[in-house]
1. Below 8 Å between Cα atoms, with a sequence gap of 6+, how large is the relative contact order for chain A in percent?
2. Using Cα pairs under 8 angstrom and six or more residues apart, how large is the relative contact order of chain B, in percent?
3. Starting from the 7 Å offset along Cα-to-Cβ, what nm value, one decimal, do you get for the label separation of A:Ser9 and A:Ala70?
4. With an 8 Å Cα cut-off and a minimum separation of 6 or more residues, compute the relative contact order for region B:6-48 in percent.
5. Do the alpha carbons of any pairs in A:Lys57/B:Lys38; B:Lys19/B:Lys40; A:Lys37/A:Lys58; A:Lys37/B:Lys36 sit beyond 19 Å of each other, and which pairs?
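All of the numbers you see were taken from the coordinates with simple rules; none came from a lab. Quantities reported herein were computed from a predicted structural model and do not represent experimental measurements. Cβ placement follows ideal geometry from the backbone for every residue including glycine, while neighbour counts extend to all protein chains displayed.
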Amino acid sequence: GENVEQHPSTLSVQEGDSAVIKCTYSDSASNYFPWYKQELGKRPQLIIDIRSNVGEKKDQRIAVTLNKTAKHFSLHITETQPEDSAVYFCAAKGYSTLTFGKGTMLLVSP
Amino acid sequence: DTEVTQTPKHLVMGMTNKKSLKCEQHMGHRAMYWYKQKAKKPPELMFVYSYEKLSINESVPSRFSPECPNSSLLNLHLHALQPEDSALYLCASSQVGTIGSEPQHFGDGTRLSIL
């Protein structure tokens, strides 16, 4: 089955800095890669996703890049704000189900 | 606003009790999911329903019994749970994808505590 590795497990940045979270996947058949943000005590919320026929996607301060050859994808957050503090999960999906990475706790200090 | 509604938000039950978790969506999604999430861990898939039929059971113990009465509702019946079953139980829904997938939208979850 699919295996998704996510790094780093914790990321601390100053407000205004950029943050990058990286994930690798094992199944070359995977073709859909969502990113979820989960604040403490709340539901995972889809923030951006990318399909395998696209290399990059941007939505305001958030961008995702995908390298199918290397089987890795990354989340980029620019101009971080304290409200970006949360746990971020990457995931990969092929023909079957979503496989999640273990999560990255992002801490943005004012 | 959450488009997937779960009830109750919190549930405390003894190991001999029987209870049910409920999930409802009105987005016209025909795939619905149950996940279990322990603290500081990713969601862990339990069951998938596609067009109201159980399509995936990730080797979940029989003390968890899912039910999909119609395209908008998903239940999870609980019986004789163990303390290690204490967790956040998340429901999600999506369109039924073919190759390439549709986003899954999560509910707020039910926080379950087993005494």
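1. RCO, chain A: 37 percent.
2. Taking the mean separation of contacting Cα pairs over the length of chain B, I get 37 percent.
3. Once both label points are built, they end up 2.4 nm from each other.
4. Here the relative contact order equals 28 percent.
5. Pairs exceeding the cut-off: A:Lys57/B:Lys38; B:Lys19/B:Lys40.
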